[in-house]
Every structure is written in C-alpha cells, then in structure tokens.
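Quick note: the coordinates plus some simple rules give every number you see, no bench work behind them. In this text the structure is predicted, and so the values were computed from the model without any measurement. Note: ideal-geometry Cβ built from the backbone for every residue, glycine included; neighbour counts use all protein chains shown.
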Amino acid sequence: MENKAILLVEDNADDEALTLRALKKNNIKNEVVVAHDGAEALEYLFGTGKFAGRNTDFIPQVVLLDLKLPKVDGLEVLRRLRADQRTKLLPVVILTSSTEEQDRIKGYDLGANSYVRKPVDFSQFIDAVRQLGLYWLILNEAPPVRRS
Amino acid sequence: MLVSGAALLIACVAFVAYDLITFREAMVHNLSIQAQMAGSNSVSPLLFNDPQAAENTLSALKAAPNVVSAGIYTLDGRPFGTYWRDGNPQTVTLPQMPPNQTEAHWFKDGRLVLVRTIVFQGKPTGTVYIRSDLREMSARLKRYVGIAAMVLLASLVAALLGASIFQRVVAEPIVHLAEITRIVSRDKNYAIRATPTGKRDEPDILIGAFNEMLRQIQQREGALQQAHDELEQRVEERTAQLGAANKELEAFSYSVSHDLRAPLRGIDGFSLALLEDYAERLDDQGKEHLQRIRAATQRMGMLIDDLLNLSRMTRAEIRKERFNISTLAHSVVESLQEAHAKRPIEFRIEDGLEANADPRLLGVVLENLLGNACKFTSKRASARVEFGKMHRNGSTAYFVRDNGAGFDPAYADRLFGAFQRLHGATEFPGTGIGLATVQRIIHRHGGQIWAEGEVEKGAAFYFTL
C-alpha cells in the first residue's frame, strides 16, 4: 500500500519539531509536508504559487490543521478546502491549543473531521499523535479520489 | 338672555292684564254712578212727564267725554229723553234687562253698555241707558304696551351689552385659556403661553398664574430632559466601554488559550526530548531538574486552563431551568469515585432535591465542591462527604460538607479569592481557582456562598440560588 502524505499546517517551529518527533516516536513513516501558514497550505493543495505545477491528483491522506496561523487562519483554510471539489472530502483534523467553544463550533460547522487539543504534557501529545495516526492513516478508509 | 327676556315679557303682560281688568271694573263702576245720578235726576221729569228736563239732565254727561250716548226710557220701554255726544240722534232699541236685576252691563262692538232701572220710593219708574266707548281704555292699553315694549327693549339692550362686556372681559380670556390648556396637554408643548388681557382684572391674574405654571413646568421639563439625555449618553458610553472591555477580555482569553500554552508545550516537549535523547549524558541531578521543569510546566498549563475556565464562567450565558440537583450530584460523585477508587469515601446525597439554575454551571459548582471535599478528606481513614439542603435565615441553602482537613475560620473570607490557598500545594494539590469559579457562578445566579469550618474538623460550603 502506498504511504500517502500527511499535510501539517503549523506556524510554530517548536510545535512543528515536536509534532514531527511525536510522529517519528510512533513509527509513522508517511511523508510529512509542512505548510507554515494558511496561504502556503492552500497553495500546496491547489498547486498554485510556490507549488505551481504540482500534481494535485496527489492529495494528502490527512491534514493536521492548526487554527491560529499567519495570513490565512485555519478556519479560513478549512472553509476554502470544503468549497473546492478536489478537497471537499479531504479528512481534516484540527490540531490546536485552544478548546474555546467558538473554535470548536466553527471548526465542526465548517466540516472538520476531528478536533484535537494539543496537551501541554508532551507524553500525552505523543499518545494523541499515535492514536491519530492509527485512526486516520490505518483504520480510516480515505474517500475515493475525485478527478477534477 | 332669552329666559330673562321671556320672564320680563310675562311680568309685563300680567301687569297690563291686571291693570286692564282693574280699569274696566273702575269704568263700569264710574258708568254705574253716572247712570245712578242720571237716573235719580230723571225721577221728577219722569213723574211730571217733562222730557225737556230729562234731556237737560242727560246733557250734563258732556262732562264725561267717554259717554257716546245715553237715554231715559219709560217703564214700557218708550224713549223719554236721549243724549248723543256728537249731537246726531239715532234710534236705539232698549236692550232687554235680565229679570230680577236693577242693573246690567256688557261690552259689545268696542262699547260698554250699561242699563239701570230707575227706582223711586221702592218702585221702578223707568230705565237709564248709557253707552260708553273704550277709547280711554285702549289708549291706556296702548300706553302700557308702549311702556312694556320700551322696558323690554331697554332691558334686552342692557342684557346684550352686559353679556358682550362679560364675554369680552371674562368668557373670552377663559375660553382662550382653555384652548391653550388643551394644546399644552395634547402636544406636551410647554413653550406656548396664554395671551394676557392686559387689564389687571381677575382673568388677567388667572392667565398670569397659568403662564407662570407653564414656565415652571417648561423649566422642569427641560431639566428632566437634560438629565435624561445625560443619563442616556452615560449609559451609552458605559455600554460601549463595557462592550469594549468584554471584547478585549474575550480576545485576551482567546489569545491566552492559544498563545500562552504553546511555549509550555515547547518547554515540556524539549525537556522530555532531553530526557529521552540525552539520558546517558545527564546525571541524576540533571534528570531531576528536568523532571521539575516538566512538573512546573504542567502546573502552569493547569493554571492557564483553570483561569480560562474562570473567565469562561464569567462570560457564559446563564440558561436557568428546573432540574433535579440530586441526580446531578450523583453523577458527579460517580466520576469522583472512579478518580478516588483506591479510597473508601462515604457519600451521603440527599435525594429528590430540585434547583432552578443553569445545570451545566451547577455541574461545575458541584464538581469543584465535591471534588474539594474528596481532596481534603484524603488523609482521613473514614472519609465522609455529604450533599443536602437546609434552611438558614429564612432561605434554602444547599450544602456540601466533609470531615476533612477543614480550615481556620479566620481565613474563611479568603477561600473564594482567585489563587488563594489555605494549604500548601504539596499537602493538597490545586490551583486556587476552583472556589473563585464556584463563587462567580453562584453570584451570577444571584445567590450567595459561604463556608464554615475548623482546622481538622471538616468544612461545609453553603450556597443559595
């Protein structure tokens, strides 16, 4: 089975390093594409800007999306993904610091598949990433690829 | 005016009628005397059959200008002597006398006719007949009617004059005043004024007083409006400030929620990375330092979470409903029992208690109070935690009581302050925000919360809703 990529949308370098470490600790070998803000994430997914010419038929298995991002914030990224036929069904896991009710409501409202809070305790974070990987990369059957 | 005119008219008519009746009686009486006199003076001419003497006697009637004609008749009705005022004798048939009467009179064709039997020594000797016109009476009537008409006219004119003066002096200003009053009460316009008559009379004084009253009302209205406007503006300003403060608070807590925890994750994550990746280069002391860093970080994370919770409770919308608070207490206790599975805690929950409050927020209250009770009984061999309802000072209070570590009553008021702790963190863990959150929820329900306790003799928390 082809190991599909994970798109990690994360602006904080520490969080990026820690997430990558947690993935590694859990032996998740999938390719990880990191976008450092919302705009970059959209460019990657739609093959524009920096990623012009990228084969957009190749879409990630899951997107780990932070909410507080420079330029285009996480909720806006989610809204645009859901508005586009190519990424309408793409599994998106919101991975963020906040448990603010308004974020959770908006996130699910816009069609997030999961909402996971990053715990302060890194041991717990590793465990969370392990379960996410198990679920979204192994257990969950991805939606069929749509040709645009 | 109509009424007074009619009354006056009726009075005049009555007076004239009365006078005419009296005058007629007097006329009849006079004529009767004249007839009597003429009759007595004609006795001897009749007896001696001397018509000339009778006519001489009758001619004395010239002195009475109203007598048109007179005549003396013999007993058998034959004319004996006549008198005509205008000297133009006509034949007159003697009218029939009613039987058993010596005198009769009647009004006919504008004339008064009087007939009298002449009696001499108890025996009728002839008849005297006198006809008188009513000129005097009609002249008198005309005079009276004229006087009455003049009196009526004069009084009507006087009444009209009086009414118009009254109208101008009293009625007009009062009607004007009434109109102004109507406008004022309809339009709530206190700026208009009644026009003074300028005559310094009673209506003018009334209008002056009315205008002064309007002026005072206007002044007060103005002051009231100004105060109202100021208040409104102040409320608006405060609302805007409050809204801004609330927004700021929300933005702040949102930012805290996102940004303050991220560095903590870095500290904890990289501390763990050090412990994992560089374990062989660290001695035990170094590892312990890192463990302490991680513990402190996690504690900081808890503090942030609790603070956010407290702030959320302040902002949360309260949705009150009636619900069974005993059931809520049971479900809280259930999860606490799982958390304290290793300790036997005796829970006594009073059943069937109702509350009118926000069930979600009351859940937070009970989690904190019952959780505290479990925490502070951790050093008891037989821990007991109670929840129930009691009456205190006329109101109903719910309570959570335990037989745990208790507290020094001297510090009771500090229990509910944020970050206030009466026990060391090593003795009983905690952030010191739980009771502040509980207090805020109770206050937002309009209730009160207080605590009673003694060191090592347990604590009791009471709250009303």
For this session: Give, rounded to the nearest 20 debye, the magnitude of the charge dipole that the protein assembly as shown has about its Cα centre when Lys and Arg contribute +1 at Cβ and Asp and Glu contribute -1 at Cβ.
Result: 2080
Exercise. For the pair B:S378 and B:E250, how long in nm is the line joining their label points, each one 7 Å along Cα→Cβ?
Worked result: 3.8
For this session: Report the charge-dipole magnitude of the range B:2-141 in Debye, nearest 20, computed about the Cα centre from +1 at each Lys and Arg Cβ and -1 at each Asp and Glu Cβ.
Result: 60
Exercise. List the GluC sites (Glu not before Pro) in the range A:65-148 that DSSP assigns to loop (not H, G, I, E or B) and whose Cβ has at most 10 other Cβ atoms within 10 Å. Which are they?
Worked result: A:E141
For this session: Identify, among B:S253, B:L422, B:A7, the residue whose Cα sits farthest towards the positive end of the charge dipole of the protein assembly as shown, taking +1 on the Cβ of Lys and Arg and -1 on the Cβ of Asp and Glu, with the dipole about the Cα centre.
Result: B:A7
Exercise. How about B:K389: which lysines have a C-alpha closer than 21 Å to its C-alpha, ignoring those fewer than 8 places off in the same chain?
Worked result: B:K320, B:K457
Seminar exercise, completed: The answer for GluC sites (Glu not before Pro) in the range B:292-398 that fall in a DSSP coil and have at most 12 neighbouring Cβ atoms within 10 Å is B:E317
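How many percent of DSSP beta bridges within the protein assembly as shown run antiparallel, rounded to 5?
Roughly 70 percent of the beta bridges in the protein assembly as shown run antiparallel, per DSSP.
Residues of B:266-274, mean number of Cβ from any other protein chain within 10 Å of their own Cβ, rounded to a whole number?
6
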Exercise. In the range B:125-197, what trypsin sites (Lys or Arg not before Pro) fall in a loop by DSSP, with at most 16 other Cβ atoms inside 10 Å?
Worked result: B:K188, B:R193
Exercise. The range B:2-141: Rg/Rh from Cα coordinates, Kirkwood Rh?
Worked result: 1.10
For this session: Just tell me how shielded B:253-263 is by partners: mean number of partner chain Cβ atoms within 10 Å of each residue's Cβ, no decimals.
Result: 5
Seminar exercise, completed: For the range B:190-315 (alpha-carbon point model, no solvent) the Debye-based log₁₀ I(q)/I(0) at q = 0.13, 0.14, 0.19 Å⁻¹ works out to -0.78, -0.82, -1.03
Seminar exercise, completed: Rounded to the angstrom and largest first, Cα extents along the principal axes for chain B equal 197, 52, 35
For this session: Could you check how many percent of all C-alpha pairs in the protein assembly as shown are farther apart than 44 Å?
Result: 61
For this session: Evaluate peptide A:93-104: per residue, the Cβ atoms of other protein chains within 10 Å of its Cβ; return the mean as an integer.
Result: 4
